[in-house]
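Take a look at the structure set out below.
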Amino acid sequence: MPDLSDGSTECDPFPETALPTDELSAALADRLAEVPDWHSATDPVRLGFAMSEPHPLALHAAGMFAARNPNNVGVHTRFGDGVRGTRRLEREAVLALGGLMHADSADGYLTSGANEGTLAGLRVGRNALRAAGCRRVVVLASALTHHSVAKAAEILDVDLRVLPAGPGWLLEPDALEAAFDALEADGESTGVIVVSTAGYYNTGLTDPIDRISSLLGRRVDGASPLRFFHHVDAAHGGMILPFTAPDIPFDFRNRFVHSMVLDPHKSGLMPYSCGVFLCRKGLLGHGAIPAPMSGFVDETVTGSRSGATAAALWALVFGLAAEGYRETFRGCLDLRGHLAAAIRAADPDAVLLPSPGNTVLVVGFATEGGALPGKLKEHYRLVGNTLPWTDGEGRTTDRLFHHFYVMPHMTRGHIDAFAADLAAALAEPVTEAGRAPVAPPVPAELKHLRGSSACLRHLVVHPPHRRDPDDYPHAYSFHTFRNRAELGEQLRVESWAPSDTEGGDLLVYAPDFDAPFDNELFGVLSPRKFSLEVLDRNQQKLSLVGAAHLSVFEDAEERPHTPVLLVNFHADGGFRSAEYKYGDRWHADELQVFEDSLVVKVGKDARSIRRTGDDYSFSIDTSLELRVALVDGDAPPRLERVARHADSALPRRRHLLRGQYRRFPNRFFDVIVSLTVGRDFTGTVGTDTLLADALQGSSLLARSAELDLARVLPRFAEGRLCTGLEAVGAAGGPGGRYEMSVGLGLGARLRRELPGIDVGAPEGLEPRDVVAWAERLYPVARRLQLAGADRDGIRRPHWPAGATGGTA
């Protein structure tokens, strides 16, 4: 199922009948065509990621064993274990890799990857240190360490202390020494897990692991009160350095290296997912959990594991062997030299830093800020990191660097194609439209609008060349007008003489007054009172809430529980909806009134988010949405559906993190309750009658913007939808509860009384038409806003007695 049009996702129904074979094959073929091929002339080579084409030996071996589905649960490296089938293959492959890492003896097993292997290493280390009597365990790692270390520390509930990466981008023994001194000074019995890296993901560099090991040895010999465990993340370098730079001492040849992780699916030519965890003898027992129902002791994180993966790894270890890997990675180093020469030709002033023994090239381009064009980065999957850099004059500053991985599947043709694209991109002149100018301030007249409005539509604007809604979401981006100045597209503001005094002084604003309705939006503003905006054609195509919006925010900041009222209109001028927002511009409880439905939103949290570069989006998280569809007649209310996406009783993070936002819309609901009722229904139906079966004897809960965790108590009485909110744990005082009450016919009344003007062809409008419309609408909308204000805990939006519609 595609994503829902409202910006959220739901589960699909499980299919009742099987797809015909031809449809099944066609669907799989379509998805396969969307996965980049390793050798296609049109698919990009992923220069910024450590991944490579699996070797045919591994694919063949995995296929041989997959149908028998062997389970390699447990560890098979001890005496007498791993004597048959794929468990024997795993034992032989793991112990051979232990030998490659200069271990005299080791235990280990195949993992899903280095994330799991690091978790396994830190788990064994934590438990071993606790067994040594340490009351607390601290992890020390570089700021450039892979995020899997932070994840493992969070899972294991141990303290992670990140040491800053110096100009050398390494975990330096001096920094560790200072950290040890500080921990000793605390006087608490402390175990320290040091995580060093052989092949940092963003630089390819290897920590001075031999010097770190020597430091640990000196501390132990000096009777330090600290206890130590040393884990090495060799996810990238571990399968390369032994064949290209065997003298780099990153492994078990160091006395104080206790565990390691390798990632054969990165550089070992294995298919996903395959990692290897290795540790010295006598340590795996610190992670042992009895499994009496299965008759063995489990010392792994994974539990059940594929024996076919073990077969594939064995095929490479013994089918390629050292000579095969040596030839492979020496070829990669030669190709890395070709890449460096190509980059130097395109950017002679770039800083090029090849990683010793590794296939990584780090480049600081001489472009403005070290940046590369977005299309080039996206095509080749390039990632930039800001790192400390010391220039030739000894000055250390932050600088943007991009890392390049030269992997076994790459060819000179791949590099030559990238070189041509890079040269073309760097040769293009940087136009003023493409350069971020010095940002002029947002017009002072509009700052209050931006700061007080509860409507993000006042914030959504778009840069040049990204205004094609027919190519949404690929070529359409969302921005706040706070950042329009950075794009050289400041909004313009002019005063407008009002025709009456009730609406106060007026301003009009638009990006371009020469074509005020052709460029995003045209707005009318009465500072601290209201605004009316008409969207251009492109905005109207994308808008989920109509073509024009009146927002009344007068007194909303100064007078408690006075809502911001937003009235939305269709392109033909017809009333679409009225939204009563109780809260601030980010977080509110809300009542939405349509002609044919009512919607109560509890805990609506709206945010604008900067995604990357000049690209913005926004999202809406809602704890509970009560949707009431109005049908003709007097039918009693009926529960149609309760969709439980999340448990409101549990605190949760926002449904998306900053790096996960897509282009608008992004929406999430904890709970959705859908009802139908006849618009002429005047009877009484309580919460228990409506929801008892669906709630299984519990309350309907939501995270209210005002009350936090609250019981939601919807009922119908005297032709109204009444939604009570009662704080969980409240003592019964008036501050712990309130009710939103709205007549079932209010939407139809608003449709009749609030006619608009046709804005479907906005380029044909004149500013005076919209200003006159705003002046007609504001007085009645202001009365509607005040009618919805809180009175003794009741918020009762209604048509005010004696009010006349918004006609002339």
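The values are calculated or read from the model by the stated rules, or taken from the named source; none is laboratory data. If you're wondering where the values come from, they're calculated on a predicted model, not measured in any experiment. Reconstructed Cβ throughout: ideal geometry from the backbone, glycine too, with neighbour counts over all protein chains shown. Accessible surface areas use protein heavy atoms only, side chains included; no ligands, DNA or RNA. Shrake-Rupley method; radii C 1.70, N 1.55, O 1.52, S 1.80 Å.
So how tilted is helix 21-33 from the main axis of the chain? Cα-based, degrees 0 to 90, rounded to 10.
Compared with the principal axis, the helix lies near 80 degrees.
What distance in nm separates the two pseudo spin-label positions at Lys375 and Ser699, each 7 Å out from Cα along the beta-carbon direction?
5.7 nm
Give, as a single signed number, the net charge of other residues whose beta carbon lies under 13 Å from the beta carbon of Pro70, with Lys and Arg counted +1 and Asp and Glu -1.
After counting each charged neighbour, the total is +4.
FRET efficiency for Ala322 and Arg395, Cβ-Cβ distance as r, R0 = 45 Å, nearest 0.05?
Result of the calculation: an efficiency of 0.55.
Carbon and sulfur atoms: what percent of the 1.4 Å accessible area of the chain do they account for?
52 percent
Is segment 265-375 rounded, prolate or oblate when judged by the Cα gyration tensor, a ≥ b ≥ c being the square roots of its eigenvalues, rounded requiring a/c under 1.5 and prolate requiring a/b larger than b/c?
prolate
State in Å² the accessible area per residue of the chain; use a 1.4 Å probe, count heavy atoms of protein chains only, and round to the nearest integer.
Computed with neighbouring chains in place, this is 44 Å² per residue.
Obtain the nm distance between the two label points defined at Ser294 and Glu368 by a simple spin-label model: each point lies 7 Å from its Cα along the Cα-to-C-beta direction.
Once both label points are built, they end up 5.8 nm from each other.
How many percent of all Cα-Cα pairs in segment 537-612 sit more than 20 Å apart?
Roughly 39 percent, once rounded to a whole number.
Based on the mean of other Cβ atoms within 10 Å per residue, sort peptides 385-394, 165-174, 411-420 so the most packed one is first.
165-174, 411-420, 385-394
Going by accessible area, probe 1.4 Å, with all protein chains left in place, what is the ranking of Lys375, Lys151, largest first?
Listed by decreasing accessible area, they come as Lys375, Lys151.
Return a whole-number percent for the relative contact order of the chain, with Cα pairs under 8 Å and 6 or more residues apart as the contact set.
10 percent
Based on the mean of other Cβ atoms within 10 Å per residue, sort peptides 575-582, 82-89 so the most packed one is first.
The densest-packed peptide leads the list: 575-582, 82-89.
Restricting everything to alpha-carbon atoms, can you work out Rg to Rh for segment 104-305 with a Kirkwood hydrodynamic radius?
0.95
Once the convex hull of the alpha carbons of segment 324-427 is built, what does its volume come to per residue, in cubic angstrom?
103 Å³
Calculated FRET efficiency, Glu502 and Asp758, Cβ-Cβ r, R0 22 Å, to nearest 0.05?
With a Förster radius of 22 Å, E is 0.30.
Looking at the chain, send over the antiparallel percent of its DSSP beta bridges, to the nearest 5.
Of all bridge pairs located within the chain, approximately 75 percent are antiparallel.
Mind jotting down the distance between the C-alpha centroids of segment 754-795 and segment 293-330, whole Å?
The two parts, judged by their Cα centres, are 69 Å apart.
Can you give the FRET efficiency for Arg791 and Glu766, using 1/(1 + (r/R0)^6), R0 = 45 Å, r = Cβ-Cβ distance, to the nearest 0.05?
Here the calculated transfer efficiency is 0.65.
Compactness ratio of the chain: Cα Rg over 2.2 N^0.38 Å, N = residue count?
Cα-based Rg divided by the globular estimate yields 1.15.
Among Thr190, Thr367, what's the order by accessible area (1.4 angstrom probe), most exposed first?
Result of the area sort, largest leading: Thr367, Thr190.
Along the Cα-to-Cβ line of Arg255, 7 Å from the Cα, sits a label point; which residues in segment 188-223 have backbone N less than 16 Å from it?
Inside the label zone: 210-223.
Show me 106-113, 627-634 ranked by packing, highest mean number of other Cβ atoms within 10 Å first.
Ranked by mean Cβ neighbours within 10 Å, highest first: 106-113, 627-634.
Compute the projected area of the convex hull of the Cα atoms of segment 263-324, averaged over all viewing directions, and report it in nm² to one decimal place.
About 5.4 nm², averaged over all directions.
Please work out the ratio of the alpha-carbon Rg of segment 121-229 to 2.2 N^0.38 Å and round it to two decimals.
Against the compact-globule rule of thumb, the ratio is 1.01.
Given labels modelled 7 Å from the Cα in the Cβ direction, how far is it in nm from Ala341 to Asn385?
Going by the 7 Å Cα→Cβ label model, 2.8 nm.
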